[in-house]
Every structure is written in structure tokens, then in C-alpha cells.
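Novice: The following block contains the structure, expressed as C-alpha cells.
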Amino acid sequence: MTTETRTHVPAPSVAGPPDDGLDAARVSWSTAGRLILDGVDVTAPAGAVSGLLGPNGSGKSTLLRVLAGVQPPSDDGRDDGARVVFAGADLLALPRRRRARTLAFVEQEASTDLPVTVLDAVLLGRIPHRSPLAGDSADDRAAARRALDAVDAAGLADREVTTLSGGERQRVHMARALAQEPALILLDEPTNHLDIAAQLDALRILRALADRGVTVLAALHDLHLAAQHCDHVVLLSGGRVVAAGAVGDVLVPDVLDPVYGVRTEVLTHPRTGRPVLTFSPR
Amino acid sequence: MTTAVRRRRAPAVEPVETAATPGARRGAAWWLPVAAVVLVATVLVAVTIGPADLTVADVWRSVATHLGLGGALGLEPLGALPDGMVWELRLPRVLTAAAVGAGLAVCGVVMQSLTRNPLADPYLLGLSSGASLGAVLVLVAGLTVLLPLAAFGGAVAALAAALGLAGAIGTITPTRTVLAGLAVSQLAAAATSFVIFWSATGDSYREILSWLMGSVAGATWTSVAIAGVAVLVLGTLLASTGSVLDAFTFGDTAAAALGVPVARVRWLLLVGVALLTGALVSQSGAIGFVGLILPHAVRMLTGARHRLLLPLSALCGASFLVWADTLARTVFAPREVPVGIVTAAIGAPVFALLLWRGRRIA
């Protein structure tokens, strides 16, 4: 699709509604009478890595799932006029298959017991691109190979998914998402349970995607990683947006301390010049 | 891009694994024509086995004559007795076994994938218990003619109860479906036991037991028609859902993210499986193990992709059940054992072996 050929100039940390990225407004979701998301507005500029931050239970995963269209509707049936626009199109109104060609979602823990090879797992990402009755075309296989190359996992193609390490498996899930050739990729804690080298691998892959013009929105637990690798961050707390904008504006003690109940100090990375966060009990 | 994906660690490739499993898989498409040829040969040979010395040529002569091709092919009609043996007794039985085996294997694949449960089989939603209850009720009442109808009705009623229960709790998820099926299944089994305990005597007891174990002994051309049409229509529809079932490999959310309408697909496939299983059970009783083990065995040949797994399971299931039934009617000849005993006797050790060799399927 368009992603491969688009030559979008990377937009460095733009706050406010992007002309070409994700723009969601008034997203709410509730279950069993509990409001999990309360009128969340979130934007993610095209060509940038946006981080979705917040304490446990702040609604990060639910927000991503609603944006990805994989969350069942609220059980009280309310949606309060949520609007999820990407590149000018209403995402939630798109037919499912078309949405799956625009948007890919990498969930936090997707596992299988089945004896499926890495290449076959990545080929699943081609399902929205072909007729339900068709097999893999040469194009599908080429796209899967490209996706594996992009996450540096070509050497794993013939391995079985169940035999992979956590970091390898995460890259394969990313490759499966890339095989969908999305213009928007949503990831739920892509660095969870990974060792530090694998975490950096995952974030490098996201950066490479953003450099190709893909809109990247990743829920991250680790504020330190977010400070190092994101252009734009959105901070959630209790189902509401507390702050959104450039890393330097949001990841500051005044914003973080009340949300997390800690004391934050911001240092400067000696080599990259990016903010380094340290925390102590309040 | 190049800087971003620069490797820092040595590529983690294990040559042993690469050479072993997927190499076998790549040639797996060849199993399809092989399995088809094996099935045809199985049918022709299985019909000749048993008392009265028949040959494959005899079978061929009888079939050709009945299809009105005898004259054109210059074949002599078979004598009345052997012809009756082939055309009225053994062929319907063998073909019914083939249809039932194919259908159960396909249903087993679909149920296992849909519920992501390696122990799922076509009867998971209480279908066999429901069918058994229906069948036992009419057998006890002496209304044997109504047996297929009652069995089918029981299966569909059990499905409706299971899905209704699962739906009443909330969205139809795999776990809820399995649990609801379990509840319905236990209830129907208790009712069946009660009816047998209360009113079965002598002959009907034996008849009931034989039906509960599964058998194609009484198969007629009507059985072939019912099981065959069900397999050709519903089985083909189910077998064509390979891509959709593939999408469930990493669970419901992953399937939804690939554009699959998860809830609707689950409903449709469960209903399809139930109708097909109900039709098969009405003809053969609840034959166990075929729908559980065949999918696992075939998956070891083909890997988890459904486009090959579904049709190959159908072909293998058909051949397997024909041979199981041939054993059931010959091993203790002239006595017959229910084919369900044979499938369990073969299936259980094979399953154990697969588990031991695969170590990953469960």
C-alpha cells in the first residue's frame, strides 16, 4: 500500500492535531458500570513515534484496543460520539478488511500452541489483502519476506514460533503487523518482558517505521524508554488524558509526580542530550 | 532503514530445526493427491474384505452395472448374491463410514481451531450427549424408525442450549462455549443414564449400547445420501474457511485485527459444525476419537495452516474410519463390535504416541 512508497518528511514532535496522522477525540469505554476511558482525545503525528504512557490501570491497553477496533462496544452501549480519524478517514467506520490494510495492532501477549512457522505466522498479516479463498500469492510471500527483513528476522523464517525467545517472538509479531502494510501501527507494550537489548531492537524498528512515514503509537510502561525514544507522548491517568505533547513538555516533574506519586528528577543524557528520568519515593 | 535494523547480536538460527520440520512441510501439498488415491483404494478394497471371496474386479463390475456403465465397458453383471453383498450391504456401509470419518475430522479441526483447545472434538458442545438422549428415548419407546431424526433433533437441541447458555453469560468466547457445552453435556448424559436405568431391558439395552458406542453396521443407501450430502455441502463449506481459521492462530484479538468479524464467524462455524455433526451422529451414533485425533495426526504432516489441513484431514478421516469399521466387522467375525470401540482402541495409543513425539500440541 501507500506506506512503502510514501516519502513523508518526519515530523519532529508536533503537538496538536496532525494533518496526516491519527486524531481521536472523545473516546470513552465502560464495563460493568465502570468508566475505563472517559472522553480521551489522542493524536499521533505521521512519521513520528508516539508513546502512550500512564500508570497501571490508566486505560492504555483499552484505548489502543478501541482505536484498533478490536474492543467489544461498551456494555451500556454508549459511545458518546467518539471520532477516530486517520489520514482523513473515519477508522471505526471503515469495513474491517480495509481497516486491517490501514491499521495493524500488535497486542501485548499473543501466543499459540500450534506448530506454526515464523514465515507462516507473518503470512497471516496478508489475510486482509487477499480473498478468503485464495492461498498465498508470490506478492504475499514477498511482502512477508520484506516484513521479516524489516525486523531483522529473516533468519528465523523456518523456525517454529513456539521455539522462539521473547525478543524474537516480539519481532515476529511486529513482522506480522508489517505484512499488513499498514500506515498506522498500534502496539501494546512492545517492550514488555524483553531484555534491554531486545527492548532497544523493538524501539529501533519503530523508529525505522516512523522514518518511512508510518504513524506509530505504542503504549509504554517504561518512562525512561519513552523519554529516550518517543517524539510525542500522551499521558493517561484514570481514563483521562493528563498531558500530551513533546517529551520535554510532558515528562517533567510537575506533570509526572502527581500522576505516579513519586519524585522525578530529569537529567540529561551525556551522549544524546535527551532527558533521562530518575525516580525516588515521595 | 539500514542503521535502524543493524544487528548487534549473532543471528539466532538453529540449523537442525530448520532442516527437520519445515522441509517436510514444504512437500506437504503432495499428501493431498496421495490421500485421495489411498481413499479410493481403501473403499474398493474394504468392500472385498469379509466372508464370501470378492475381488476388487467384482466390486468394480457391480458398481459399473448399477451405474449403467456395465454394457458400455463390456462387463458381465455379477451374480445376484455377490452383487447384493457389494451393492446392498458393504458399499453403503463403507461409503457411510467414509463420509462420517471425513465429516468428523473436518469438524474436529474447526472446533480445535475455533476454541483454541487441542482437546476439542466435534462433540464439544454436548452434541453427542444430546443426540444420545434423543436416540435412547426413541429406542426405549421402540420407535427405532425415528432414530436418525431423534438423534439429529437431540444434537441440535443440545447445541441451541449450549450456545444459548454461552450467549446468556455474554459474548461467545471459547471458554464460555466450552463450559456451556460441558454443562449441557453432563445434563443430557445424566438424563440418558436415567432413561436407560429406568426402562431399558434385554434387546433394547444391547441396541442402545451399540448405538452409544457408534456403529455403521445398519448403513443403507439412505445413510450414504444423508451423511454424504451433509459432508459434501457443510463439509466443503467448513473446509473452505482455511484463511479465516488461520487468522485465529494467535487468538481472537489477532483475528479481529486482521479484519475477521470474530463473533459472527464463531457463531456461523459452530452452527455449521453442529449441523454436520448432528447429521453424521444420526447415521452412525457418536463415534469417538476420529474428530479428536485425526486433526492432530494430520497437523504433524502439514503444520498448522488450514488450507491443507482441512481437506487432508477429511481424506485421512474417511480412510481411517473405513478401516476401523472393516476391523470392527471382521476381527471377531461373525460377531461385530461397535466401530467406536475400534477407533478408541487405535486412537488412544496413537494419541499418546503423538503427544510423546510432538510434545508441543498440548
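Novice: Provide a whole-number value for the mean count of partner chain Cβ atoms within 10 Å of the Cβ atoms in peptide B:299-311. Walk me through the intermediate numbers first.
Specialist: On the way: counts 3, 1, 0, 1, 6, 10, 8, 0, 4, 1, 0, 0, 0.
Partner-chain Cβ atoms within 10 Å, mean over residues of B:299-311: 3.
Novice: Determine the sum of side-chain charges near residue B:260: Lys and Arg each +1, Asp and Glu each -1, restricted to other residues whose C-beta is under 11 angstrom from that of residue B:260.
Specialist: Overall, the nearby charge balance is +2.
Novice: Search the structure for amide H atoms under 5 Å from the amide H of residue A:215, placed 1.01 Å from N in the peptide plane, and list their residues when 5 or more places away or on another chain.
Specialist: Residues meeting the criterion, in which the H sits 1.01 Å from N, are A:47, A:184, A:185.
Novice: Quick check on region A:126-203: what are the equivalent-ellipsoid semi-axes from the Cα gyration tensor, as sqrt(5λ), descending, whole Å?
Specialist: The three semi-axes for region A:126-203 are 24, 14, 11 Å.
Novice: Among A:151, B:331, B:271, what is the fewest-to-most ranking by other Cβ atoms within 10 Å?
Specialist: B:331, B:271, A:151
Novice: Residue by residue through A:155-168, how many Cβ atoms from other chains fall within 10 Å of the Cβ on average?
Specialist: 4
Novice: Around residue B:85, under 15 Å between beta carbons, what's the net of Lys plus Arg minus Asp minus Glu among the other residues?
Specialist: 0
Novice: Under 10 °C and 1.306 mPa s, how fast does chain A diffuse according to Stokes-Einstein, given a Kirkwood radius computed over C-alpha pairs? Answer in µm²/s, whole number.
Specialist: Stokes-Einstein gives a translational diffusion coefficient of 82 µm²/s.
Novice: A further question on this structure: If one computes the Cα centroid of region B:268-285 and of region A:222-247, what distance in Å separates the two points?
Specialist: 52
Novice: Evaluate the charge dipole of chain A about its Cα centre and quote only its size in Debye, nearest 20, assuming +1 on the Cβ of each Lys and Arg and -1 on the Cβ of each Asp and Glu.
Specialist: Details: 29 positive and 35 negative charges, 59 e Å.
The dipole of chain A has a size of about 280 debye.
Novice: Using Cβ counts within 10 Å as a stand-in for footprinting exposure, how do A:174, B:85 rank, fewest first?
Specialist: On the way: A:174 26, B:85 22.
Final ranking by Cβ density, sparse to dense: B:85, A:174.
Novice: Neighbour counts of other C-beta atoms within 10 Å: give me B:341, B:287 arranged from fewest to most. If you can, show how the numbers build up before the last one.
Specialist: Numbers: B:341 18, B:287 30.
Starting with the residue having the fewest Cβ neighbours, the order is B:341, B:287.
Novice: Continuing with this model, one more query. Given the Cα atoms of the protein assembly as shown, and with Rh set as the inverse mean 1/r over their pairs in the Kirkwood sense, what is Rg to Rh to two decimals?
Specialist: With Rg and the Kirkwood Rh in hand, the quotient comes to 1.07.
Novice: Quick one: which residues, 5+ away or cross-chain, put their amide H under 5 Å from the amide H of residue A:243? H built at 1.01 Å from N.
Specialist: So residue A:243 has HN proximity to A:235.
Novice: By the gyration tensor of its Cα atoms, with a ≥ b ≥ c the square roots of the eigenvalues, what is the shape of region B:235-327: rounded for a/c under 1.5, prolate for a/b over b/c, or oblate?
Specialist: Since a/c reaches 1.5 but b/c is at least a/b, the shape of region B:235-327 is classed as oblate.
Novice: Residue A:85's amide H: which non-local residues (gap 5+, or another chain) put their own amide H closer than 5 Å, with H modeled 1.01 Å from N in plane and none for Pro or chain starts?
Specialist: It is A:23, A:24, A:25, A:91, by chain and number.
Novice: Also: Could you point to the residue in B:178, B:47, B:152 farthest towards the positive end of chain B's charge dipole, with +1 and -1 charges on the Cβ of Lys/Arg and Asp/Glu respectively?
Specialist: B:178
Novice: How well do other chains shield peptide A:119-127, expressed as the mean number of their Cβ atoms within 10 Å of each residue Cβ?
Specialist: Working: counts 1, 7, 5, 0, 2, 10, 4, 2, 8.
Going residue by residue through A:119-127 and averaging, the value is 4.
Novice: Another question, if that's okay. Rounded, prolate or oblate for region B:76-358? Axes are the square roots of the Cα gyration tensor eigenvalues, ordered a ≥ b ≥ c, and the cut-off for rounded is a/c under 1.5.
Specialist: Oblate is the answer for region B:76-358, as a/c is 1.5 or above yet b/c matches or exceeds a/b.
Read the figures in this text as sums done on the coordinates, not as results from a lab. Just so it is clear, the model here is predicted, and its values are computed rather than measured. When we count neighbours, we look across all protein chains shown, and the Cβ atoms used for this are built from the backbone with ideal geometry, even at glycine.
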